[in-house]
Amino acid sequence: MAASRKSTLDKSTEGFEEQTGGPKAKRRREKRLIVLLEGACLETVRVGKTYELLNCDQHKSLLIKNGRDPGQVRPDITHQSLLMLLDSPLNRAGLLQVYIHTHRNVLIEVNPQTRIPRTFPRFCGLMVQLLHKLSVRAADGPQKLLKVIKNPLTDHLPVGCVKMAMSFSGESVPCVRDLVPSNEPVLFVVGAFAHGSVNVDFTERCVSISQYPLSAALTCAKLCTAFEEVWGVQ
């Protein structure tokens, strides 16, 4: 980033919500894996006359200047996790739903048909568009692929849906398949940040699926694989 360009952290996305409707009619009970990427660091920064997605590589000096730890500003974690989830056979079989909850309390619904950009720069551009316009539509139609929705997440979940948080310090469950219900929807909350633990107040259980700390993307991969095996998705 050129030293001559003036950069300011953009706080305009803090706590905003999409101003449409209430809970969706999507709160059905069909079996599916619901994944919430919690604490995702997705926020924009003004650089000159344009906005960029704040990240530790491009904006390290700006973050330090504002007293923030660059190591915590990792939107690439969300990018890697989304690629893994949406590329999975489970998603292609129509058995996966993904939400993102940012550290600024923005809740995002991801359409299962969304094709996440493979490169990080293109992903950054997509997220800037989403955070400023509150939705991203398909190029060939009116369908919204990504959209900001109204908090809390629990308003968008099926009634009676089991809710679990993933944490290295949680209850040890060596066999992930033991967590897969036979014919019910279930939510797993996965931390989309570099360090720390998931901190939400709506889960009934906190589980650990490895004796080692796992990245968010690997956690998502292990979950999808287990659900595919139990539900017969190949």
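Of all the residues in the range 58-113, those that are of a type in the set (Gly, Ala, Ser) and modelled with pLDDT of 95 or more number 4. The number of residues in the range 94-109 that are of a type in the set (Phe, Trp, Tyr) and surrounded by fewer than 16 Cβ atoms within 10 Å (Cβ to Cβ) comes to 0. The strands (runs of 3 or more DSSP E) found wholly in the range 110-227 and carrying at least 2 residues that are exposed (fewer than 15 other Cβ atoms within 10 Å of the Cβ) occupy 162-172. Among the residues of the range 119-127, is any of a type in the set (Ser, Thr, Tyr) and in contact with a strand residue (DSSP E or B) (Cβ under 8 Å, 6 or more places away or on another chain)? Looking through the range 119-127, none of the residues is of a type in the set (Ser, Thr, Tyr) and in contact with a strand residue (DSSP E or B) (Cβ under 8 Å, 6 or more places away or on another chain). With respect to the conditions (1) surrounded by 20 or more Cβ atoms within 10 Å (Cβ to Cβ); (2) under 28 Å from Glu30 (Cβ atoms); (3) under 14 Å from the mean Cα position of the chain (by Cα), Pro75 falls short on a single one, namely (2). From the list Gly125, Gly170, Gly141, the lone residue that is in contact with a Cys (Cβ under 7 Å, 6 or more places away or on another chain) and small (Gly, Ala, Ser) is Gly170. Note on the range 62-72: residues that are among the basic types (Lys, Arg) and either farther than 19 Å from Thr102 by Cα or crowded, with 18+ Cβ neighbours inside 10 Å (or both) total 1. Scanning the range 135-186 for residues being among the charged types (D, E, K, R), touching a residue at least 24 places away in the same chain (Cβ under 8 Å) and in contact with a strand residue (DSSP E or B) (Cβ under 6 Å, 6 or more places away or on another chain) gives a total of 4. Cβ-Cβ distances below 6 Å connect the following pairs, each with a first residue in the range 119-131 that is in contact (Cβ under 8 Å) with a residue 12 or more places away in the chain, a second residue that is among the β-branched types (Val, Ile, Thr), and a separation of six or more residues or different chains: Val128/Thr44; Leu130/Val136; Leu131/Thr13; Leu131/Thr44. Would you check if His59 is on the phi < 0 side of the Ramachandran plot and buried (at least 21 other Cβ atoms within 10 Å of the Cβ)? Taking the combined requirement at face value, the residue satisfies it.
The values are calculated or read from the model by the stated rules, or taken from the named source; none is laboratory data. These figures come from a predicted structure and were not determined experimentally. Backbone-built Cβ (ideal geometry, glycine too); neighbour counts: all protein chains shown.
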